[in-house]
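Below: the structure, in structure tokens.
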Amino acid sequence: MTNKLSLYCIIFISIFTVILNFSHHRWNNENKVIEWDVKSYYAYLPATFIYNDLSLEFTKDNPEKFNDLIWPIETPLKKKAIITTMGMSILYSPFFAVAHLYAKNSEYLADGYSVPYRFALVFSSLFYVLIGLFFLKKTLSIFYEDSISALVILAIGLGTNLLYYYSYEAAMPHAYNFSLISIFMYLTIKFHENPTILKIFLIGLLAGLITLIRPTNIIVLLVFFLWNISSLNTLKQRTYWFIKHYKFTFVMAMAFVLIWIPQFMYWYWLSGKIFYFTYGEAGGKFFFLNPQLKNILISYRKGWFIYTPIMFFASLGILTLSKIRKGLLLPISIFYVLNIYIQSSWWCWWFGGSFGLRAFIDSYAIMAIPLASILSYLSSNKIMKYVSISVLVLLIGFNNFQIQQYNRRAIHYWWMNKEAYWETFLKLRPTKRYWEVITIPDYDKAREGIYIDIKPK
């Protein structure tokens, strides 16, 4: 049983999530599931396969319906454009196809937005997460005992904001990218153990898709190229190897570009440019000289360590990586620093309405390794072993409690501050004073890189 404990944890998570999803059954609410950013991520599928109109002109036929379902921007060529890239639509597509077939043969509207489509999106997230957890198990088993792997899988699956994003807001991209990066990490390890063309091709495809969903995630490639590098000499050897075996690099690059070709074609048709920064039309930008490092880590608005404290321990675990294998420290620490820097430089560092810092969820398949490392390190001492397990269980419970607070607005999706947080600490529902002390970010100033709070109207 010991060697299967992590697998049992994955099964438990799957059962728990199915029960959770059927308890809230958000797919029955026409204003849920396909909401917020998902409206854009998903729009490619109904526009292409139901309305046969990527120009989005079909929205004019029913503005009352589509003005709230699709949020297009206008390009310099005066065309309507979907603001997000199409990576998520690729992952949604098998589930969309099944839902569409069912809708066409049922009493539901086959319009891309009725109950079958929303139901399919919710469970597509669980499907991908379970695959991600399975590959995370395989990765962790290379370095750690199965009992450690089991604890980490429970911690990541139930003790972080990942849980919220594969259950309550299941169609958001973070759970999907977590899974893709989980597979990417496993293949990275296996490629460096035994390089093959097939592995590098799959790595290139995965890297392309990961980046297509969220372009800033291109930094995962650093993990691949720096994997098992522990000195300047090994870095030189790795560089020479890729130069000598250029066919691997070429295949990887081709696979990466292959997944992007439909997006390039779409952008060129919209703007006359192969590369088109759609978010720029909506005022999105990075302020790399003004990163909000303190805010993104420990602020009461969205601080990563405040709302996902397990990741604080995972961060400490980076310091113990060299005790497991020296070659783990450099790639993971460089990724960690760059990831925080890039996310904190985005003009909207709190990433709109969300439970915690949702932008970091993508990286949890990487952060699982230092989390396992610190748990393994502490387990060498019997007392610390049981203390760390107890803390982990407590934080899993705390995460689930905070999710319930968030669902009841005792933790607000973007209006939080120190006073509001402590006013509702360990309270399921907001108090009268909570609404009196709460503040919101000034979005207009934030677009200029100036961060101030104002009172909500």
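Read the figures in this text as sums done on the coordinates, not as results from a lab. Computed from a predicted structure; not experimentally measured. Every residue, glycine as well, gets a Cβ built from its backbone with ideal geometry; the counts of neighbours run over all protein chains shown.
Take the Cβ atoms of Leu338 and Ser380, set R0 to 35 Å, and the FRET efficiency comes out at 0.70.
Can you bin the range 60-113 into rounded, prolate or oblate? Criterion: square roots of the alpha carbon gyration tensor eigenvalues sorted a ≥ b ≥ c, rounded for a/c under 1.5, prolate for a/b above b/c, oblate for the rest. Here the range 60-113 falls in the oblate category.
Relative to the current alpha-carbon distance between Glu419 and Ser14, full extension at 0.36 nm per residue lengthens the span by 142.1 nm.
Taken about its Cα centre, the range 47-189 carries a charge dipole of about 240 debye when Lys and Arg each add +1 at the Cβ and Asp and Glu each add -1 at the Cβ. Across the cross-link table entries Lys60/Lys273; Lys39/Lys138; Lys39/Lys457, which are compared at the Cα atoms, the separations over 29 Å belong to Lys39/Lys138. Taking θ as phi - 60° and the Karplus parameters 6.51, -1.76 and 1.60, the scalar couplings of the range 241-255 work out to 4, 5, 5, 5, 9, 4, 5, 5, 4, 5, 4, 4, 5, 5, 5 Hz in sequence order, x denoting glycine and proline.
Phi angles of the range 106-115 translate, via the Karplus equation with coefficients 6.51, -1.76, 1.60 and θ = phi - 60°, into HN-Hα couplings of 9, 7, 7, 5, 8, 10, x, 10, 7, 3 Hz per residue; Gly and Pro are given as x.
A helix-only calculation puts the chain at -20000 deg cm²/dmol for mean residue ellipticity at 222 nm, using -39500 (n - 2.57) for each DSSP H run of at least four residues, averaged over all residues. Rounded to 0.05, the FRET efficiency of the Asp453 and Asn3 pair, given R0 = 35 Å and the Cβ-Cβ distance, is 0.10. For the chain, the pair-distance distribution built from all alpha carbon pairs, in bins 20 Å wide starting at 0, is 23, 58, 19, 0 percent. One Cα centroid belongs to the range 143-182, the other to the range 1-27; the line between them spans 11 Å.
Cα centroid separation, the range 308-322 to the range 382-447: 21 Å. With an a/c value of 1.5 or above and a/b not larger than b/c for the gyration tensor axes a ≥ b ≥ c computed over the alpha-carbon atoms, the range 231-376 is described as oblate.
With K and R counted +1 and D and E -1, the other residues having a Cβ less than 14 Å from that of Val98 yield a net charge of +2.
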